[in-house]
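First comes the structure, then the notes that go with it.
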Amino acid sequence: MKTQKRLKQLAAVILAFVMLTSALPFSAAAAEVSLTESASGSDSKIYFKAPSFWNNYWDIRLYLYEVGGDVIIKWNSKRGKMTNEGSGLWSFDMSAYPMSDSKNYACIFLTNSELQTCDLLIGNPCLGDTAYCTGENDKLENTVDSQKMNRRVKWKNADPNRWGVPLDITSVGNVVGDVLIPGQSKYDLFLTFLKDKGKRGLDNAIKFNGKSKQQTIDHTAIMLGLSIIEVKKAVRESGRSRDWNELESLLYTPKYRIDDIKLNRGSLSLGGGESYGLIVESVYSYVPSDYLKQRIAWVSMNPNVAVVDNNGRVTGRLPGTAKVVAVTDNGYFAICCVTVKEAPASIKINPVSLTLGKGEKLTVSECTNSGSYANAANLRWSSSNTKVVTVSKQAGTNKAVLKAIGAGTANITVRTYNGKTATCKVTVKSAPTSVKLSNTSFTLKKGQSRTVSEVTNSGSYANASNLKWSSANTKVAKVTKGSGNKAAVKAVGTGTTYVKITLYNGKTAQCKVTVK
């Protein structure tokens, strides 16, 4: 309590100075995801609640292996196909794959794209429970290739100290996961990291993380919660004495050094009643996030417009502007300029209806009515029938990508943070098998223009916005895409060329153009 009071006092002292400062650099952040309810059913089944931001999927499978042992179900194997229970809940019957109580198993849920994965540790005590993704913002690095990310998954009811994401160190020296498997210690993980000469060790990590060996050893030890005595022992045992100096270690000082901070957003727009979680981090030196939070106070300079809680979550109130300030107990601060607009009273999707060919993709956008606003990160997109069309949100924008899966109709819905919705009716037809132009050949004089159009064969369709026009020789004739399925051909020089139309699925047709 004394620390928070001191932070508030310090924040008040610097507010006048803050008025003169500009916002710091920022990066995008994702929205939160609420927890799901547990499933009831057979003890031999694993349940998985697909996260709400998994819009572009129609199939979920699992990859199962014994930790440190054999693979039981391979990547994308038909054996690992899960059953759709409806309402985003998927299940897999484990009765055909008996597990030993004395062993641990890792399970990775993946979508049909294989780009969206959720990772967790399982065992017999967890069967029958529901696994859920803890949040869109809660991602883990792949331990071998740290450029790949997977989301954190936990059981709803199981003991979090026994079942969760396996604790590990990534290829750049970051610590991920929650749970130590039996017989493993944090010290063992750290020692293995120092000894490993391959992709999982210290020498590989410093090639990519931009840190020195001293910094990497310190930061990894801090994330694992090791003492300076344990680090000294591991350094000596691994033969790394030349790579680490105790007197220069962050663990040698009683407190971590905070020499500047930054926020993930320098500016932010919200609708009335809308919330967004700001994230603060140290600029020049590594400081554990939990430790940093204890030394931060949050202040809104205009609480009538926007308020901020002790965790940095900003909520818009009335239209206007406000500066939200994060202040450390040693005087460093960072600012986010918040603009609050009226909450959306209505919303629409552009376009409101469309037709696609099977396999075709198209980007649609959301538009709020005049004078209203919703932060794009809080928009939720969904499809009424993912077997007809799927929708994938474009992060940080008001746009989403539709992909036609099978013939039929489906409604695409977008929902704002305050519950306003809009729909777009999508009709999917079979993919075009052929295409033709309105002319097979024609002649122009230099400077003349002519409009040509394309026609797909009966029963097929391609959205006109996906048509691509080209000229084989732009010194003879140029082609400019027009409205719908039309294009304008203009003669610019004597000779012969071919104007070609290409559909989204590669079907083409061409027209011979002669210029005299």
query: (1) out of contact with any helix residue (DSSP H, G or I) (no Cβ under 8 Å at 6 or more places or on another chain); (2) open to solvent by less than 50 Å² (accessible area, probe 1.4 Å); (3) in contact (Cβ under 8 Å) with a residue 24 or more places away in the chain: which one isn't true of Asp259, the others all being true?
result: (2)
query: Mind checking which residues of segment 358-367 are over 16 Å from Arg415 (Cα atoms), touching a residue at least 40 places away in the same chain (Cβ under 8 Å) and part of a strand (DSSP E or B)?
result: Lys361, Leu362
- request: Could you tell me whether Val414 is at negative phi, within 33 Å of the chain's Cα centre (by Cα) and open to solvent by less than 20 Å² (accessible area, probe 1.4 Å)?
  value: yes
message: Considering only residues that are farther than 14 Å from Gln448 by Cα and open to solvent by 50 Å² or more (accessible area, probe 1.4 Å), which ones fall in segment 476-505?
response: Lys481, Ser483, Lys486, Thr496, Tyr498, Lys500, Tyr504, Asn505
- prompt: How about segment 368-387: which of its residues are assigned to a strand (DSSP E or B), small (Gly, Ala, Ser) and open to solvent by 40 Å² or more (accessible area, probe 1.4 Å)?
  reply: Ser382
message: Test of understanding: among Ala488, Ala509, which residue is touching a Gly at 6+ places or on another chain (Cβ under 7 Å), over 21 Å from Thr363 (Cβ atoms) and in a strand (DSSP E or B)?
response: Ala488
- prompt: Got a sec? Which strands (runs of 3 or more DSSP E) wholly within segment 263-357 have at least 2 residues that are under 30 Å from Thr423 (Cα atoms)?
  reply: 267-271, 275-277, 313-316, 333-341, 347-350, 353-357
query: Given Ser465, Ser483, Ser449, which one is out of contact with any Ser or Thr (no Cβ under 8 Å at 6 or more places or on another chain), of a type outside the set (A, V, I, L, M) and without any contact (Cβ under 8 Å) to a residue 24 or more places away in the chain?
result: Ser483
message: Just checking, does segment 307-317 include any residue being open to solvent by 30 Å² or more (accessible area, probe 1.4 Å) and touching a His at 6+ places or on another chain (Cβ under 7 Å)?
response: no
message: Condition first: open to solvent by 50 Å² or more (accessible area, probe 1.4 Å) and either of a type in the set (Val, Ile, Thr) or farther than 11 Å from Leu503 by Cα (or both). Now tell me which residues in segment 431-446 satisfy that.
response: Thr433, Ser438, Thr440, Ser441, Thr443, Lys445, Lys446
field: Odd one out for Ser100 among (1) outside any strand (DSSP E or B); (2) free of Cβ contacts under 8 Å to residues at least 40 places away in the same chain; (3) in contact with a Cys (Cβ under 8 Å, 6 or more places away or on another chain)
entry: (3)
- request: Go through segment 67-92 and count every residue that is part of a strand (DSSP E or B) and either among the β-branched types (Val, Ile, Thr) or without any contact (Cβ under 8 Å) to a residue 40 or more places away in the chain (or both).
  value: 7
query: Which of the strands (runs of 3 or more DSSP E) contained wholly in segment 388-442 include at least 3 residues that are under 21 Å from Asn505 (Cβ atoms) and of a type outside the set (Gly, Ala, Ser)?
result: 389-393, 399-404, 421-429, 435-437
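The values are calculated or read from the model by the stated rules, or taken from the named source; none is laboratory data. Predicted model only: the values in this text are computed from it and were never measured. Neighbour counts run over all protein chains shown; Cβ positions are idealised from the backbone, glycine included. Note: areas computed on protein heavy atoms with side chains; ligands, DNA, RNA excluded. Shrake-Rupley method; radii C 1.70, N 1.55, O 1.52, S 1.80 Å.
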